[in-house]
1. List the lysines whose Cα sits under 24 Å from the Cα of LYS270, skipping any in the same chain fewer than 8 residues away.
2. Based on the Cβ-Cβ distance of ASP47 and ARG244, what FRET efficiency does E = 1/(1 + (r/R0)^6) give at R0 = 22 Å, to the nearest 0.05?
3. Once both labels are modelled 7 Å past Cα along the beta-carbon direction, what's the ARG205-THR116 spacing in nm?
4. How big is the equivalent ellipsoid of region 124-235 along its three axes, where each semi-axis is √(5λ) from the Cα gyration tensor, reported in whole Å from largest to smallest?
5. If you roll a 1.4 Å probe over the heavy atoms of the protein chains, what accessible area per residue do you get for region 102-196, in Å²?
6. Could you order LEU182, LEU262 by accessible surface area, starting with the largest, using a probe radius of 1.4 Å?
7. Just to be sure I understand the model, the point goes 7 Å from the Cα along the line to the Cβ. What's the resulting ARG68 to ALA230 distance in nm?
8. With the Cα gyration tensor of region 46-113 giving a ≥ b ≥ c as the square roots of its eigenvalues, does the rule (a/c under 1.5 for rounded; else a/b larger than b/c for prolate; else oblate) give rounded, prolate or oblate?
Amino acid sequence: MGQASQPEVPVSFRRLSKLPVPARRALVWARRWSHFGPRPHPRVAVDVKNGVAVITFDDGKVNAFSKRMNHVFAEALDRVEANDQVRALVVSGRPGQFSAGFDLDTLMVGGKQRDTLIRDGWTLLERLFTLPVPVVIACTGNAVALGAAILLAGDRRLGADGDFKIGFNEASIGLPLPETLLILIRDRLREDIFEEATYGARLYRPQEAVTAGFLHRVVAPPDLLDTAIAEAQALSAGPADTFRREKETRIGPISERMRRQLEEDMTLIKRIGS
């Protein structure tokens, strides 16, 4: 299972946000031409077997959350939630690449498309975080920015062993980490590494990510999906109502704080490069 490369960040977002939208759009088109190649084609598959739903998402590139990826991923969650036979969920990325986060082109252009993209991505995050069944994340490789946040939404988080990077790199490219995400990060990661993982923009290798709190354990890549499914089955073996109540008690206050914070964060984001 080979490592997928990280998307290139061509310019600081702080400097880019000072340009008018038409200029940013022109830079994005120039970047596309200079990186000519197949465009991402988001696909999300849902497979249900023995009460465990497996969502696998793959755009053929770095698994960025674009407008299209947000849409097809949301449709997959709709299918899972509508299926009464589903007792647990596993989320898996493409080999070597769980997700590189939001689509960089849309973030670079800014404006309403960026704002919609971010809101839809955070809505997906919140849906995964609050799903009333066990959610196991099979982190197949790099998980950066929103990819790391989606990882943290899981009740159980397994990662493929390899030369991969996991974490939040926003501060290093001039993007503020919204408080909505900081609430989730504070709940999931070790308190003593919070600063380096957020404002320090440190990226962790899989074994380091276990110590930090991103992952519960690391698994050999060929065994990752089967191990994640087994974890999901184990977590869903007891009474469904019991797990649902315990999960709601544990994460309910956190998710409520995240929902309240979202509108304030969106107001701040709209001021950046709109």
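The values are calculated or read from the model by the stated rules, or taken from the named source; none is laboratory data. None of these values were measured; they are calculated from a predicted model. Backbone-built Cβ (ideal geometry, glycine too); neighbour counts: all protein chains shown. With ligands, DNA and RNA removed, areas are computed over all heavy atoms of the protein, side chains included. Shrake-Rupley method; radii C 1.70, N 1.55, O 1.52, S 1.80 Å.
1. Straight-line reach from LYS270, under 24 Å: LYS18, LYS67, LYS112.
2. Values: r = 23 Å, r/R0 = 1.04.
For R0 = 22 Å, the calculated efficiency reads 0.45.
3. 4.2
4. Those come to 22, 16, 11 Å.
5. Heavy-atom SASA per residue in region 102-196 reads 30 Å².
6. Correct descending sequence by accessible area is LEU262, LEU182.
7. 3.7
8. Taking the square roots of the gyration eigenvalues as a ≥ b ≥ c, region 46-113 is oblate.
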